[in-house]
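Enquirer: Quick one: this structure, given as structure tokens, is what I'll be asking you about.
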Amino acid sequence: MQTCIRSIGHFFVSLVRKRPDQLHGRKVLLLKGGGIFFVVVLLYVVFLWFTLPDISDPRSLLASQSTVIVDRNGVELYRLFVEQDRTYIPADRIPDTLEKAMVAIEDERFYERGCLDVRAIARVVLRFGHAGGGSTLTRQLARNALDLTQDNIYNRKLKELMLGCQMEHRFSKSDLLELYLNWIPFGRNAYGVEQASQTYFGVPAEGLTLAQSTVLASLPQRPSYYSPYGEHLFTKVSEEVQEDIRAERVTRANQLREEDVTIGLLGAAVGTGSTVLYVGGRTDQVLRNMEDQKLITEQERLAALAELEHMTFKPSRENIRAPHFVLWVRDQVEKLFAGTTEEGLLERGGLRIETTLNWEMQKIAEESVAFYREDILNRFGAQNIA
């Protein structure tokens, strides 16, 4: 560092010692060099600008939507998708509680800031770049939903900034939040709030309660880690802490050290006997943020906590229903699209295919076949009984 400073000092001393005509020539050279550098950077930015995707239709920026095959009464038989299971819903079907919960935990200044978050930039500068807070919702959209992950870090950061500014300028905050909530991954291959709500609770997103909304808002940060079906459903403490609680050496949750607590999706009561402590989870943080930001009242937070104590989740998705029939339907639709511009639409187009099957009657038929399976096998040698 000292050598570098000394070299810079020698450079400026040499400038001063030059004759006026030499000094003038050096200034002209520096100005020309700076001008060329500025033009190159400007051309590079313009080039990147023209490589950005068209955002005139924000829904086109999302990945494909799932196709659903249903029976004549609307009972879901099977879902087809390539990589992401998603069902797009408009903003008026997204509950207000979920929007508030997501903003409170992911980007509390979402409605205040513009293209550039000056406060976050200042925080980075003051802390010498070591901390700057999480990405804004718009930046997350630009980085992930717009598929910038394959670019090098410099291109990606610059594109994120340009795309973020472009989207902030073109769309309202409501539009951006709708796009974000339909894009974000919630784990178990469920993308967007509608599919997440169906996956974990078996209800449409518009029917979510405040407690259920806080669960979904808790997942995007670490979907696999906080999965309701994983080992981090509840907050846990170490065996040493358990013993300290039983011996009443620890009587308050704020006495616990961070390294002794493994935060889960839901809070948990730990300890036995006369000393039982409640240690909060990720959902508790969401609710606390919402109350601190005056998005909910204390009474609403406490009511949601009471519901979370008895929260249940939908069992893992059932296997394909009426498989022979459903796969036959899939083959027919694939043949219909084969060789046309719609080829591939089956897995990506968000289709709803209504069939003639009655699932309730199909179940009765399958139960009857299963009951007589052995007799049919012995009498007719039938192996593949559907």
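Enquirer: Might you let me know whether the range 304-318 holds any residue that is touching a Lys or Arg at 6+ places or on another chain (Cβ under 7 Å), under 28 Å from Y88 (Cα atoms), surrounded by 14 or more Cβ atoms within 10 Å (Cβ to Cβ) and modelled with pLDDT of 90 or more?
Expert: no
Enquirer: Moving on to the next point. Return the pairs, sorted by first residue and then second, in which the second residue is part of a helix (DSSP H, G or I) and of a type in the set (F, W, Y), the first residue lies in the range 196-209 and is in the same structural domain as P90 (by TED's automatic domain parsing), the beta carbons are less than 8 Å apart, and the residues are 6+ apart or on different chains.
Expert: So the pair list comes out as L208/F201.
Enquirer: Looking only at residues that are of a type outside the set (K, R), part of a helix (DSSP H, G or I) and over 18 Å from the mean Cα position of the chain (by Cα) in the range 168-192, which one is surrounded by the most Cβ atoms within 10 Å (Cβ to Cβ)?
Expert: E168
Enquirer: I'm checking my understanding of the structure. Among residues of the range 60-76 that are at pLDDT below 80 and over 19 Å from A196 (Cα atoms), which one is surrounded by the most Cβ atoms within 10 Å (Cβ to Cβ)?
Expert: Here the answer is L61.
Enquirer: Next question. Looking at (1) surrounded by 15 or more Cβ atoms within 10 Å (Cβ to Cβ); (2) within 28 Å of T136 (Cα to Cα); (3) in contact (Cβ under 8 Å) with a residue 24 or more places away in the chain, find the lone condition where R301 falls short.
Expert: (3)
Enquirer: Taking the conditions exactly as written (assigned to a helix (DSSP H, G or I) and of a type in the set (A, V, I, L, M)), does L302 satisfy them or not?
Expert: Taking the combined requirement at face value, the residue satisfies it.
Enquirer: Go through G202, G192, G129 for me and flag whichever is touching a strand residue (DSSP E or B) at 6+ places or on another chain (Cβ under 8 Å) and either modelled with pLDDT of 75 or more or farther than 24 Å from P95 by Cα (or both).
Expert: G192 is the lone residue from the list that is touching a strand residue (DSSP E or B) at 6+ places or on another chain (Cβ under 8 Å) and either modelled with pLDDT of 75 or more or farther than 24 Å from P95 by Cα (or both).
Enquirer: Which condition breaks for T275 when tested against (1) under 22 Å from the mean Cα position of the chain (by Cα); (2) more than 30 Å from D85 (Cβ to Cβ)?
Expert: Here T275 meets the rest and fails (1).
Enquirer: Related question: Select, from V270, V286, the only residue that is of a type in the set (V, I, T), assigned by TED's automatic domain parsing to the domain that holds P220 and crowded, with 20+ Cβ neighbours inside 10 Å.
Expert: V286
Enquirer: Going through the range 320-379 one residue at a time, which ones are of a type in the set (D, E) and at pLDDT below 80?
Expert: Of everything in the range 320-379, those that are of a type in the set (D, E) and at pLDDT below 80 turn out to be D331, E334, E342, E343, E347, E374, D375.
The values are calculated or read from the model by the stated rules, or taken from the named source; none is laboratory data. Predicted, not measured: the structure shown is a model, and the values here were computed from it. Glycine gets a Cβ as well: all are built from the backbone with ideal geometry, and neighbour counts include every protein chain shown.
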